[in-house]
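The values are calculated or read from the model by the stated rules, or taken from the named source; none is laboratory data. Here the structure is a predicted model, which means the values were calculated and not measured. Every residue, glycine as well, gets a Cβ built from its backbone with ideal geometry; the counts of neighbours run over all protein chains shown.
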């Protein structure tokens with residue numbers, strides 16, 4: 001679909017209208033807006049189709065987003081290992097190029113469908129509903145309970161596109177700084193849960209957890225926060241419980257982050 005973005009802060013599943021930003025500098029500005037509206041309408045239609053396919057198979061889907069290097073794939077490795085024997089899991093693995101992350105997830109009991117987005121100009125910066133629809137053809141939904149969609153690493157584009165998921169989450173690394181919720185509010189507002197990763201590095205950084213949490217709550221007051229280290233496994237159990245079921249492990253998740 002290319003690098004087209006909507007910048008409205010919509011509720012999941014409710015798209016009353018789209019603010020596509022300032023295109024007044026383009027002579028074709030009005031036409032650009034019409035094209036964007038058509039693209040998002042088509043995407044949302046296919047997202048609803050994907051969601052219906054998940055529902056028909058009794059599968060829950062989670063869209064997992066982050067910036068590059070935040071630790072999504074490492075956390076997915078921990079998550080898949082913990083869910084073996086508990087849930088039947090499929091993964092849609094999105095990357096601009098290579099199958100490196102898909103290979104890292106192999107052997108952990110999950111079906112893995114790889115999506116490379118590099119065919120576009122410089123590579124697509126997100127997954128969209130048509131891409132995910134293609135990936136679902138490589139998963140046997142009738143044998144799954146859960147599909148985890150690892151989106152392309154980016155703090156802007158992925159939050160703009162509904163891909164048919166039921167829930168959205170993101171991985172945030174403490175190396176990224178406390179100001180990220182304020183700089184990228186669409187992403188942080190779009191998710192139900194934030195996995196605050198790499199807490200094992202806290203003794204070596206000047207990361208202000210209380211300030212980060214204040215900034216996060218300013219953008220998304222109801223978000224669930226998991227403080228963890230995907231590298232060491234600390235705190236991952238509460239995250240896995242959230243992934244496994246919508247009502248699990250909400251209580252202790254925010255402990256240790258201050259207020």
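Go through the range 85-110 and give me each residue that's crowded, with 18+ Cβ neighbours inside 10 Å, part of a loop (DSSP other than H, G, I, E, B) and in contact with a strand residue (DSSP E or B) (Cβ under 6 Å, 6 or more places away or on another chain). Within the range 85-110, 87, 110 qualify. Residues that are closer than 21 Å to residue 151 by Cβ and either modelled with pLDDT under 75 or assigned to a helix (DSSP H, G or I) (or both) within the range 56-72 comprise just one, 72. Put simply, of 53, 82, 41, 48 the only residue that is assigned to a helix (DSSP H, G or I) and without any contact (Cβ under 8 Å) to a residue 24 or more places away in the chain is 41.
Within the range 95-120, residues that are farther than 24 Å from residue 157 by Cα reach partners that are part of a loop (DSSP other than H, G, I, E, B) and modelled with pLDDT of 90 or more with beta carbons closer than 6 Å, at six or more positions or on different chains, in the pairs 109/84; 111/139. Restricting attention to the range 184-226, the residues being touching a residue at least 12 places away in the same chain (Cβ under 8 Å), in a helix (DSSP H, G or I) and either on the phi > 0 side of the Ramachandran plot or out of contact with any helix residue (DSSP H, G or I) (no Cβ under 9 Å at 6 or more places or on another chain) (or both) number 3. Do the conditions hold for residue 229, that is, is it touching a residue at least 24 places away in the same chain (Cβ under 8 Å) and touching a helix residue (DSSP H, G or I) at 6+ places or on another chain (Cβ under 7 Å)? The answer is yes for residue 229.
Residues that are surrounded by 23 or more Cβ atoms within 10 Å (Cβ to Cβ), in contact with a strand residue (DSSP E or B) (Cβ under 7 Å, 6 or more places away or on another chain), at negative phi and in a helix (DSSP H, G or I) do not occur anywhere in the range 164-180. Per the conditions (1) outside any loop (DSSP other than H, G, I, E, B); (2) surrounded by fewer than 18 Cβ atoms within 10 Å (Cβ to Cβ); (3) under 16 Å from the mean Cα position of the chain (by Cα), the sole criterion not satisfied by residue 133 is (3). With respect to the conditions (1) touching a helix residue (DSSP H, G or I) at 6+ places or on another chain (Cβ under 8 Å); (2) in a loop (DSSP other than H, G, I, E, B), residue 154 falls short on a single one, namely (1).
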